[in-house]
Amino acid sequence: MYTQALNTAESDDRALEDAAKAAQFQARIDAEERIEPNDWMPAAYRKTLTRQISQHAHSEIVGMLPEGNWITRAPTLRRKAALLAKVQDECGHGLYLYAAAETLGASREELVDAMLAGKAKYSSIFNYPTLTWADIGTIGWLVDGAAIMNQIPLCRCSYGPYARAMIRVCKEESFHQRQGYEIMLTLCRGSDEQKAMAQDALNRWWWPVLMMFGPPDAASQHSDTSTRWKIKRFSNDELRQKFVDATVPQAQYLGLSIPDPGMIQDADGHWRYSQIDWTEFKQVLAGNGPCNRDRMAARRKAHEDGAWVREAAAAYAAKRGQRQSAQAAE
Amino acid sequence: MAVANIQVSETPLVLYVLRRADDALILGHRLSEWCGHAPMLEEDMALSNIALDLIGQARELYSYAAKVEGKDNDEDKLAYLRDVRQYRNLLLVEQPNGDFAQTLVRQLFYSGFADLYWRAMMGSGDATLAAIAAKSEKESAYHLRHASEWIIRLGDGTEESHRRAQAAIDQLWAFTGEMFAVDDGERHLIDAGVAIDPASLRGRWFAALSDVVGEATLELPQNDWMQQGGRSGRHSEHLGHLLSELQSMQRTFPGLTW
Amino acid sequence: MATPNTPLWEVFIRSRNGLAHKHVGSLHASDTTMALQAARDIYTRRGEGLSIWVVPSSAITASDPAEKGMMFEPAESKIYRHPTFYEVPEEVGHM
């Protein structure tokens, strides 16, 4: 389960709204009330949420691909079952999230079409390749770890269906990070070759994982509105720092080194990481990551190859409906 | 860095259990290939569930085979360190996924059999097999339901889906006979009450299948020439590729813990 | 070709005997049979249920949040419907 702050500019159509309604809406948010699908909401709130929830859903679905890449090659039957169950969970999470987005008025088909057309984004992290089995451990440990940091606050998000979906997701997800860490622990207690594999995976994933939290607060355009609407409860940098502080001791326990020689622990105990390469982040978001094209191609292929199946199911349902009404008429 | 294959002492019971374990693993593996690529998210979920059931069955059966054999083998050695000639699964289950129709027809043929088979095996004189059967029967019953509903929709859906479903049936039909075949070793187990005679299930399998296929407005082929060989390790070319993927880690990094 | 929309369904699950069915989420399916199967495959993977209902989302009629005042506030003043409204001496015991 993955979400990422992918703030993009949006037109400020709030001015068009009825000011009184908007004030009332904000008062409800301030009182920690949940907003439900049929409630009045500012158009910009609807738009922001639709974008965020659908991006989150796309991330889950695209996120099945890098890990799915190892289902057929998992090294033991126990690992195979766990990985398949985990990737299947991601699918379920995508599904819950599409449903949450649909309560805002968009259909799943529209949302998926927008993603396949390249008009909607998904988390940058899934545009990196899984090269070895250690990548599966690292994704579980770090990518799911980062996702959890992001998602726990979303369980209290002001929009009811999103918050409820996130509660379900967080509950199901509790095994994912443990699964990943267990893989890493096994590797780090294994042969030199296995330890090297674990370190190599950490080296490749560390910085992309830090980027998952989104641009630095100073550069983040719309965090203010999201915070005011209680969609977002912590800033990108706050969550990133929390993640780093939680992760460093875990890496130490594994005997792995974080690939950041400049990292130091400050007087308050926080681990200060070096400058993140935001150029790389922008390039990946712009479609130039190592796997962007492969990921989109895989999703398009699944969609196109499945079209005749969806059409068949719809055609059968229509025929059955006709037969039932014909029977009823007899 | 090739790793030697393990040797398995294939007593009749070990071989019997391995054959069922291989069926479950290979079909589970095939279905797991769909994860992330199904026609709709709901089907990603469904096919993964079936795959997980089958992999679970395989693990129990391999563990039992290893226990009966009483040597140094375990579920992973049996799955990862036997080559194509040592695998004992039905030719049907190793057939490639093809399109969604091919996957679901394969499932319908197999689950229709597995449902009856495991139900009958609940009465096995072997307590472990009877227990595995009790769990597997419920799983297979659902797999059959799922596959049947889909075949009905594909057959009676659009022209294209009908054509694809019929092509899948025609393509896979010749692999169904092997499910009902018995060799001398199995005959002894049947006589001893450990195994059941699959031939006794054929009539019911065919009748139930005919109902589904009929409702789907599809037809079963008249051709009764059946392919054999999987049970004795004479496989199609497809299995070797599946195994090279399935076993790649254990073959590349021998003897490690994962 | 535009993707045809597959109908949306609401899923309700009875988690234990004796409990009511509770809304757990939604899914897409072409018809009732497929909806029920999908509900089983999506929402009961961790032993969450003993019984499932699926209802086409379009079949649900919802109250209008704008009418919340008219619909629900009149009940708030009827405090005599609640046991705490009545005073019974403690000596009488639990009632």
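So which residues in segment A:63-78 are more than 7 Å from every other protein chain (Cβ to nearest Cβ) and touching a Gly at 6+ places or on another chain (Cβ under 6 Å), if there are any at all?
Residues satisfying the conditions do not exist here.
Taking segment C:38-81 as the region of interest, how many residues are touching a strand residue (DSSP E or B) at 6+ places or on another chain (Cβ under 6 Å) and more than 30 Å from B:Asp53 (Cα to Cα)?
1
Output the residues belonging to segment A:23-45 that are part of a helix (DSSP H, G or I), buried (at least 17 other Cβ atoms within 10 Å of the Cβ) and in contact (Cβ under 8 Å) with a residue 24 or more places away in the chain.
A:Ile29, A:Ala44, A:Tyr45
May I ask you to list the residues in segment B:203-228 that are surrounded by 13 or more Cβ atoms within 10 Å (Cβ to Cβ) and either within 14 Å of another protein chain (Cβ to nearest Cβ) or without any contact (Cβ under 8 Å) to a residue 24 or more places away in the chain (or both)?
B:Phe206, B:Val212, B:Gly214, B:Glu215, B:Ala216, B:Thr217, B:Leu218
Take segment A:227-252 and flag every residue that is buried (at least 21 other Cβ atoms within 10 Å of the Cβ), under 25 Å from A:Ala44 (Cα atoms) and within 18 Å of the chain's Cα centre (by Cα).
A:Ile231, A:Lys232, A:Asn236, A:Leu239
With the requirement that a residue be away from chain A (no Cβ under 13 Å) and surrounded by fewer than 18 Cβ atoms within 10 Å (Cβ to Cβ), what does segment B:69-112 give you?
Passing the criteria: B:Gly70, B:Lys71, B:Asp72, B:Asp83, B:Arg85, B:Gln86.
Among (1) away from chain A (no Cβ under 14 Å); (2) more than 22 Å from B:Asp115 (Cβ to Cβ), where does B:Arg231 come up short?
(2)
Quick check on A:Leu111: is it outside any loop (DSSP other than H, G, I, E, B), more than 9 Å from chain B (Cβ to nearest Cβ) and of a type outside the set (S, T, N, Q)?
Answer is yes for this residue.
Name the residues in segment B:136-163 that are buried (at least 24 other Cβ atoms within 10 Å of the Cβ), in contact (Cβ under 8 Å) with a residue 24 or more places away in the chain and among the small types (Gly, Ala, Ser), would you?
Correct list: B:Ser136, B:Ser140, B:Gly155, B:Ser161.
Could you check segment A:192-254 for helices (runs of 4 or more DSSP H) lying wholly inside it with 1 or more residues that are within 30 Å of A:Asp30 (Cβ to Cβ) and at pLDDT below 95?
It comes to A:223-228, A:236-254.
Any residue at all in segment A:290-300 that is within 14 Å of chain B (Cβ to nearest Cβ), touching a residue at least 60 places away in the same chain (Cβ under 8 Å) and not in a helix (DSSP H, G or I)?
Yes - at least one qualifying residue is present in segment A:290-300.
Among the residues of segment B:27-57 satisfying the criterion of being in contact with a Gly (Cβ under 9 Å, 6 or more places away or on another chain) and more than 9 Å from chain A (Cβ to nearest Cβ), which is nearest to A:Ala313 (Cα to Cα)?
My answer is B:Ile50.
Being surrounded by 18 or more Cβ atoms within 10 Å (Cβ to Cβ) and not charged (D, E, K, R) is the filter here, so list the residues in segment A:307-321 that pass it.
A:Trp308, A:Val309, A:Ala312, A:Ala313, A:Ala314, A:Ala315, A:Tyr316, A:Ala317
The values are calculated or read from the model by the stated rules, or taken from the named source; none is laboratory data. Quick caveat: nothing in here was measured; it's all calculated off a predicted structure. As a convention, Cβ positions derive from the backbone with ideal geometry for all residues, glycine included, and neighbour counts pool all protein chains shown.
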